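What follows is a set of notes on a single structure, which appears directly below.
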Amino acid sequence: MHIEEFEREVEVVLARLPEWVKEAMDNVYVVVERRPSKEQDPTGDGLLGLYEGVSLDERGFDYFGVAPDSIFVFHEPHMALGLTGQALRDEIRTTVLHELGHHLGMTDERLHELGWA
């Protein structure tokens, strides 16, 4: 899958989010990158996605004037999995939802309950 199609798949996931998730999202953007930087994946393990920011449950009354949180979804590590078709789309969906869950402040247990991990 070329990166342009990969980006469209990420957009599809975001467009299909439940309304409660769309309403809860705050000061966050989602971006597709070809690969993680050395700082993002220092061991070179093939990181699929990454959330950087302050999750909603950790924001206090003094949270203002802050740069947006970032959710990164990495193209090349996904391609390295060797998945195609629906299996690849499912993995992209899982990655986006998992990182969004971190933004929302969800525990890994809650992510599994929702089928997001």
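The residues of region 8-32 that are more than 22 Å from G85 (Cα to Cα), open to solvent by 50 Å² or more (accessible area, probe 1.4 Å) and either in contact with a Ser or Thr (Cβ under 7 Å, 6 or more places away or on another chain) or not in a loop (DSSP other than H, G, I, E, B) (or both), listed by number, are E19, W20, K22, E23, Y29.
Here is a yes/no grid of residues against (1) open to solvent by 40 Å² or more (accessible area, probe 1.4 Å); (2) without any contact (Cβ under 8 Å) to a residue 12 or more places away in the chain; (3) touching an Asp or Glu at 6+ places or on another chain (Cβ under 6 Å):
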site	(1), (2), (3)
M79	yes, no, no
Q86	yes, yes, no
L100	no, no, no
H112	yes, yes, no
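Residues of region 19-40 that are more than 22 Å from H2 (Cα to Cα) and not β-branched (V, I, T): E19, W20, K22, E23, A24, M25, D26, N27, K38, E39, Q40.
Of all residues being open to solvent by less than 50 Å² (accessible area, probe 1.4 Å) and aliphatic (A, V, I, L, M) in region 64-77, which is nearest to K22 (Cα to Cα)? Just the residue, please. So, considering only residues that are open to solvent by less than 50 Å² (accessible area, probe 1.4 Å) and aliphatic (A, V, I, L, M), the one nearest to K22 (Cα to Cα) is I71. For region 33-54, the count of residues that are of a type in the set (A, V, I, L, M), open to solvent by 30 Å² or more (accessible area, probe 1.4 Å) and part of a helix (DSSP H, G or I) is zero.
The rows are residues; the columns are (1) among the hydrophobic types (A, V, I, L, M, F, W, C); (2) assigned to a loop (DSSP other than H, G, I, E, B); (3) modelled with pLDDT of 95 or more; (4) closer than 25 Å to H2 by Cβ.
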position: D57; (1), (2), (3), (4): no, no, no, no
position: G65; (1), (2), (3), (4): no, yes, no, no
position: F72; (1), (2), (3), (4): yes, no, yes, yes
position: M79; (1), (2), (3), (4): yes, no, yes, yes
position: L83; (1), (2), (3), (4): yes, yes, yes, yes
position: T95; (1), (2), (3), (4): no, no, yes, yes
position: M106; (1), (2), (3), (4): yes, yes, no, no
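The values are calculated or read from the model by the stated rules, or taken from the named source; none is laboratory data. Note that the coordinates shown come from a computational prediction; the quantities given were computed from them, not determined experimentally. Virtual Cβ from ideal backbone geometry, glycine too; neighbours counted across all protein chains shown. When the accessible area is computed, the model is the full protein with side chains, heavy atoms only, and any ligands, DNA or RNA have been set aside. Shrake-Rupley method; radii C 1.70, N 1.55, O 1.52, S 1.80 Å.
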